[in-house]
Amino acid sequence: MSTKSGAQVRAAAARAVHAVVESGRSLDAELRNLEDKVREDDRALFRNLAFGTIREHFRIREWVDALVARRPRRRDRIVESLIAVGLFQLTGTRIPDHAVVSATVGAARDLKQQSYAGLINAVLRRFIREDMAQQEPASDAARYNHPEWMLQRLARDWPDDYRDILEAGNGRAPMWLRVNTRAGSLANYLERLAAAQLDFAIPPGLPQAVLLSEPVPVGALPGFAEGHVSVQDGAAQIAAAWLLADGAGRVLDACSAPGGKTAHLLELGGDAIELDAVDIDAERLAATAENLDRLGLEARLFAAAAEDSAAWWDGRQYDRILLDAPCSASGVIRRHPDIKLLRRDSDIPVLAATQASLLEALWPLLRPGGRLLYVTCSAFAAENEAVVTAFLEKTSDAGPDSLLPNNNIRALMHARGSGFQLLPGTRGMDGFYYAGLNKTS
């Protein structure tokens, strides 16, 4: 890597970090926006620096506060993000210290912050000299790299497990695949992976799932463009099998984008199901359409609010409804570490009210004898069992579903007052909550 490109990739990472920390922007969106400013050979490093710096934000923020006596002016705060990127390199990568200092100082020019080059150099060298990485964190937020409010909620909801949840949230997400068995058998696809020299494991209880030893670009997956395989976490693959067990028919996928579960329902149900997919975000719904097209699958797609059924529903009740409700995404923080900065404790009751509203609005669309599967990727009780329990208490024709996934999955789940929780990091999976609800006659 040249000196110039080394500085450019650090500057781009600092811009992405700054957009999240100072402007509350989505990290994924910023990475897409900035990718063209980075050489193709440097893009993996660019993503690693941005993700790593956000993932370890609270520990790094403590170091920055200790090292920088006076904060830069607001218009120059990107300097702090650049310093943060430098500190992550010193602690989270194998890049030699001298190369980190040189490239990070050089990035100040790309950011038009040359006047801070001396400060950046002094801060990074002091961090190395005083071996500050070995110092004990001063706060729990820095110790666990999560905001205080999130620590408190998790400790209250999961007193025996919250440290494991936090550790999982600070890890790097593995790459899970879902083999499209309509296009070929799992055994056949495993042979193709082996031929491509990709190492993998076969988790029990998930008949279409493969766990790769190392993430790879989707273009490196055999048959990806032809729809033979998709990328989907193992925990998310539980939904379709649970919903369609012991029957199919007319199916609604509410809040469906970007369509991973939509596609899985169609792969499993085949011609036995008629599927409608609804999502309020037209742009994300377009991604669902592209995904289905790649897989050779069809569904009726509606860009609308799921709870506003008058805008899209034809009046025929559904046999099965999947409600993948909008939530805090606290179970998938390892994939989206910016959640730790973008979410607030005050968001949780607002989200819980939205979830309850969706349940109430969609329940009349389910036929008597039908099943609704309520799903979130949250680990917070307020979004999960609290919502479902309250709904069951006031809905006379709703009852808990006695059906559960197979024993391999059942053993991994925590039974709650209502529903079941798969905690983040369990067998390498994301954190998901599931509650099956039956509609009585």
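The values are calculated or read from the model by the stated rules, or taken from the named source; none is laboratory data. Computed from a predicted model, the values in this text were never measured in an experiment. Cβ placement follows ideal geometry from the backbone for every residue including glycine, while neighbour counts extend to all protein chains displayed. Ligands, DNA and RNA are excluded from the accessible area calculation, which covers all protein heavy atoms including side chains. Shrake-Rupley method; radii C 1.70, N 1.55, O 1.52, S 1.80 Å.
Over all directions, the average projected area of the alpha-carbon convex hull for region 238-300 comes to how many nm²?
Value for region 238-300: 3.7 nm².
Can you give the accessible area per residue of region 323-441, in Å², using a 1.4 Å probe?
36
What trypsin sites (Lys or Arg not before Pro) does region 302-369 have in DSSP loop regions with at most 11 other beta carbons within 10 Å?
Here the trypsin sites (Lys or Arg not before Pro) that fit, given the DSSP loop and packing criteria, are R316.
Explain nothing, just compute: Karplus ³J(HN,Hα) = 6.51 cos²θ - 1.76 cosθ + 1.60, θ = phi - 60°, for every residue of region 369-376 in order, whole Hz, x for Gly and Pro.
x, x, 10, 10, 10, 8, 9, 9
Can you give the angle from 0 to 90° between the axis of helix 97-110 and the longest principal axis of the chain, with both taken from C-alpha atoms, to the nearest 10?
80
About the Cα centre of region 1-109, how large is the charge dipole given +1 on each Lys and Arg Cβ and -1 on each Asp and Glu Cβ? Please answer in debye to the nearest 20.
Here the size comes out at about 340 debye.
Give me the one-decimal Kirkwood hydrodynamic radius in Å for region 1-137, with the sum taken over alpha-carbon pairs.
14.6
With θ taken as phi - 60° and the coefficients 6.51, -1.76 and 1.60, list the Karplus ³J(HN,Hα) couplings across region 418-423 in order, rounded to whole Hz; mark glycine and proline as x.
In residue order, the calculated couplings are 9, x, 9, 10, 9, 7 Hz.
Past the 24 Å Cα-Cα mark, which pairs from K4/K112; K4/K37; K340/K394; K394/K439; K37/K112?
K340/K394, as the Cα separations exceed 24 Å there.
For H414, list long-range residues whose amide hydrogen, built 1.01 Å from N in the peptide plane, is under 5 Å from its own amide hydrogen.
Q421, L422, L423
What angle, in degrees between 0 and 90 and rounded to the nearest 10, separates the Cα long axis of helix 78-92 from the longest principal axis of the Cα atoms of the chain?
It is inclined by approximately 80 degrees.
Using all alpha carbons of region 145-287, what is the percent of pairwise distances in each 10 Å bin, ordered from the shortest bin to the longest?
Percent of Cα pairs in each bin: 10, 32, 31, 22, 5.
Would you mind counting up the charge near A201? Only other residues with Cβ under 13 Å from its Cβ, with Lys and Arg at +1 and Asp and Glu at -1.
Taking every Cβ under 13 Å from that of A201, the sum is -1.
For the chain, what does the helix formula give at 222 nm: sum of -39500 (n - 2.57) over DSSP H segments with n ≥ 4, over the residue count, nearest 500 deg cm²/dmol?
-13000 deg cm²/dmol
Could you tell me the center-to-center distance, by alpha carbons, between region 401-427 and region 105-137 in angstrom?
That distance is 46 Å.
Leaving out ligands, DNA and RNA, and with a 1.4 Å probe, what % of the accessible surface on region 1-152 is carbon or sulfur?
44
In the chain, with Lys and Arg counted as +1 and Asp and Glu as -1 at Cβ, which of these residues, C377, W176, M132, has the Cα nearest the positive end of the dipole, that is, farthest along it?
Farthest along the dipole direction, towards plus: M132.
Could you work out how far helix 186-195 tilts from the main Cα principal axis of the chain, as a 0 to 90 degree angle to the nearest 10?
20
So how compact is region 228-335: Cα radius of gyration and Dmax in angstrom?
Over region 228-335's Cα set, Rg and Dmax evaluate to 13.3, 40 Å.
Largest first and to the nearest Å, give the Cα extent of region 300-364 along each principal axis.
Rounded to whole Å, the extents work out to 42, 23, 20 Å.
Relative to 2.2 N^0.38 Å, what does the C-alpha radius of gyration of region 193-233 come to as a ratio? Two decimals please.
Cα Rg divided by the expected 2.2 N^0.38 Å: 1.13.
Quick one: which of 219-232, 181-194, 49-62 comes out on top by average Cβ neighbours within 10 Å, and what's the full order, highest first?
Result, highest mean Cβ count within 10 Å first: 49-62, 219-232, 181-194.
Give, as a single signed number, the net charge of other residues whose beta carbon lies under 10 Å from the beta carbon of T376, with Lys and Arg counted +1 and Asp and Glu -1.
-2
Give the distance, in whole Å, between the Cα centre of region 181-256 and the Cα centre of region 138-155.
Using only Cα atoms to place each centre, the spacing works out to 34 Å.
Report for the chain the percent antiparallel among DSSP-assigned beta bridges with both residues inside it, nearest 5.
50
Would you mind telling me the share, in percent, of accessible area of region 325-436 contributed by carbon and sulfur at probe 1.4 angstrom?
The nonpolar share, carbon plus sulfur, comes to 54 percent.
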